[in-house]
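Report on one structure; see the data block that follows.
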Amino acid sequence: MNIPFTNLPRLVIIGGGFAGVALARKMIKEDVQLVVIDRHNYHTFQPLLYQVSTASLEPDSIAYPLRKIVKRGKNTYFRMTEVESIEPETKRIHTSIGSISYDYLVIATGARTNFFGNTNIENNAMRMKNLPQALNLRSLMLENLEQAVITTDPEKRKELLSFVLAGAGPTGVELAGGIAELKLNVLPKDYPDMDFSAMEIHLIEGASRVLPPMSEHASNKASKFLSKLGVHIHLNTQVTNYENNLVSTNTDVTLKTATFIWSAGVTGAPVQGINASSIIPRANRYKVNEFNQIEGYDDVYALGDIALMETKDYPKGHPMVAQPAIQQGSHLAKNLKRHFKNKPMTPFKYFDKGSMATIGRNKAVVDLGKFRFGGFFAWFVWMFIHLWFLVGFRNRFVTFFNWTYNYINYDKAARLIVRPFKNKDYSRKRV
């Protein structure tokens with residue numbers, strides 16, 4: 001991997017997500033050799049992926065080069081590669097470009113889409129966990145619209161203009177709202193010769209309400225906002241199959257669609273080599289102690305979505321969202337600094353800063369401690385928080401400019417099919 005020998009402790013971080021970046025930024029100036037590994041050369045601000053999919057933002061607005069973070073240190077390195085396995089016994093990591101030893105290893109590989117063993121859905125549905133997938137979804141939606149405008153078959157046109165989303169968590173709700181706003185404010189201007197009254201957006205949720213992780217107040221508000229935007233909500237309904245453009249469920253609901261989006265669950269993305277007894281099977285996450293050490297290892301840590309820390313307040317682990325990952329990364333940096341000075345480490349305590357979701361223009365919901373609110377003020381808070389946590393001044397400026405432009409002009413500037421998406425068979429083409 002062409003990384004020089006050093007007498008300093010070598011800290012290797014696998015993953016450039018929220019947790020990995022939070023840790024790396026705190027350790028850059030320390031007396032360690034820091035090596036960051038990721039299969040992409042950029043950090044993705046995942047909460048705004050849906051805006052790339054719905055043509056509100058270009059990918060460079062929510063991505064930040066990992067080398068720009070790493071270059072700030074003297075003994076820091078980045079390698080773009082796939083990690084194949086770990087040998088904890090010899091303290092070595094094997095990747096697609098070679099092997100590297102470590103003194104301390106941090107696994108922050110995040111999560112991947114969970115299809116719960118349904119291979120038909122996995123092979124045919126769209127997913128949105130990274131930038132290439134978001135761009136695939138955007139291209140597919142725009143390509144289907146281009147096909148709809150030229151087809152003379154009304155049934156085929158309806159199929160091309162139908163959008164079905166499985167999972168009404170924050171991702172599903174935000175994406176459904178984004179597509180609905182395209183239908184109401186943008187697409188009729190782009191396609192004046194097409195009747196968009198035939199365009200349907202369906203949101204399917206297995207629970208009894210949308211946004212199950214949030215308060216009932218937020219769920220009720222979000223449902224009202226979605227209904228006002230024309231989104232059809234199907235509760236207590238589970239998707240059982242998607243094949244030949246037909247969505248089947250465990251109820252009498254069946255839908256024909258050329259765009260089926262799966263946002264119904266995530267699972268951990270562990271690396272081969274760690275003892276199976278250290279992995280929680282139902283979640284596919286590493287069991288960690290209060291210092292984020294993986295059970296059975298003193299020098300291997302896990303952070304963020306891949307880590308499951310059982311506590312009194314969170315017996316099933318912390319939520320698989322950005323804030324626990326950021327806080328764990330920052331806290332581990334403090335603990336490693338204490339460890340290097342032969343001081344005892346301190347246990348991690350998660351500070352819940354609340355949760356929020358946006359449904360569209362002037363429409364959002366926020367749960368902040370005992371406070372529950374929705375509407376324009378919640379939407380403004382949502383925008384401010386997301387701008388604040390974007391990495392890089394340029395990203396904040398470009399995103400703010402695009403949001404302002406979209407708000408004033410009822411327009412979305414990124415309606416470009418830059419990379420066509422023609423092969424929807426994920427069994428042959430994975431990203």
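The values are calculated or read from the model by the stated rules, or taken from the named source; none is laboratory data. As the structure is a computational prediction, the values presented were derived from the model and not from experiment. With ideal geometry, Cβ positions are generated from the backbone for all residues, glycine too; neighbour counts draw on all protein chains shown. The protein model used for the area step is the full one, side chains on, heavy atoms only, and it has no ligands, DNA or RNA in it. Shrake-Rupley method; radii C 1.70, N 1.55, O 1.52, S 1.80 Å.
Only one of the values (1) 21.3, 65; (2) 22.3, 74; (3) 24.5, 86 was calculated from this structure for Rg and Dmax of the Cα atoms in Å; name its label. Matching entry in (1) 21.3, 65; (2) 22.3, 74; (3) 24.5, 86: (2). If r is the Cβ-Cβ distance from K74 to K189 and R0 is 51 Å, what FRET efficiency results, to the nearest 0.05? Efficiency at R0 = 51 Å is approximately 0.45. GNM remark for the chain: springs join alpha carbons under 10 Å apart, and the peak mean-square fluctuation among Q33, Q323, Q272 falls on Q272. Straight-line reach from K29: which lysines have a Cα under 17 Å away, not including same-chain ones fewer than 8 places off? Excluding near neighbours in sequence, the set is K68, K71, K74, K334, K337, K341. A DSSP coil position with no more than 12 other Cβ atoms inside 10 Å describes the following GluC sites (Glu not before Pro) in region 60-111: E82, E89. Taking Cα atoms only, the orientation of helix 131-150 departs from the longest principal axis of the chain by about 10 degrees.
Distance from the C-alpha centroid of region 303-339 to that of region 14-86: 18 Å, rounded to the whole angstrom. Straight-line cross-link reach from K228 at under 22 Å between alpha-carbon atoms covers these lysines, not counting any fewer than eight positions away in the same chain: K158, K183, K189, K363, K412. Distance between the C-alpha centers of region 216-237 and region 343-377? Whole Å please. Answer, in whole Å: 20. Between the Cα long axis of helix 170-181 and the first principal axis of the chain there is an angle of about 40°, rounded to the nearest 10. Three principal axis extents describe the C-alpha atoms of region 98-159; from largest down they are 64, 24, 18 Å.
Rounded to the nearest 500, the 222 nm mean residue ellipticity of the chain from helices alone is -9500 deg cm²/dmol, with -39,500 (n - 2.57) taken per DSSP H run of at least 4 residues. Each 10 Å bin from zero up to the one holding the largest Cα-Cα distance in region 103-258 carries the following percent of pairs: 10, 37, 36, 13, 3, 1, 0.
Using only Cα atoms, figure out Rg for region 167-286 and give it as a multiple of 2.2 N^0.38 Å.
Taking N as the residue count of region 167-286, the ratio is 1.30.
Taking the chain as a Gaussian network of alpha-carbon nodes connected by springs under 10 Å, the highest mean-square fluctuation of the residues F163, F115, F371 belongs to F371. For the chain, the relative contact order comes to 20 percent (Cα pairs under 8 Å, sequence separation of at least 6).
Report in % the part of the accessible area of the chain that belongs to carbon and sulfur, leaving out ligands and nucleic acids; probe 1.4 Å.
53 percent
Counting only protein heavy atoms and a 1.4 Å probe, region 104-235 has 38 square angstrom of accessible area per residue. Modelled spin-label separation between T119 and F397, with each label point placed 7 Å from Cα along the Cα-to-Cβ direction: 5.1 nm.
Accessible area per residue for region 266-398 is 52 Å², calculated with a 1.4 Å probe on protein heavy atoms, without ligands, DNA or RNA. Relative to the dominant Cα principal axis of the chain, helix 393-409 is inclined by about 10°. Accessible surface for region 1-89, divided over its residues, is 42 Å² per residue with a 1.4 Å probe.
GNM on the chain, alpha-carbon springs under 10 angstrom: the most fluctuating residue among M356, M199, M126 is M199.
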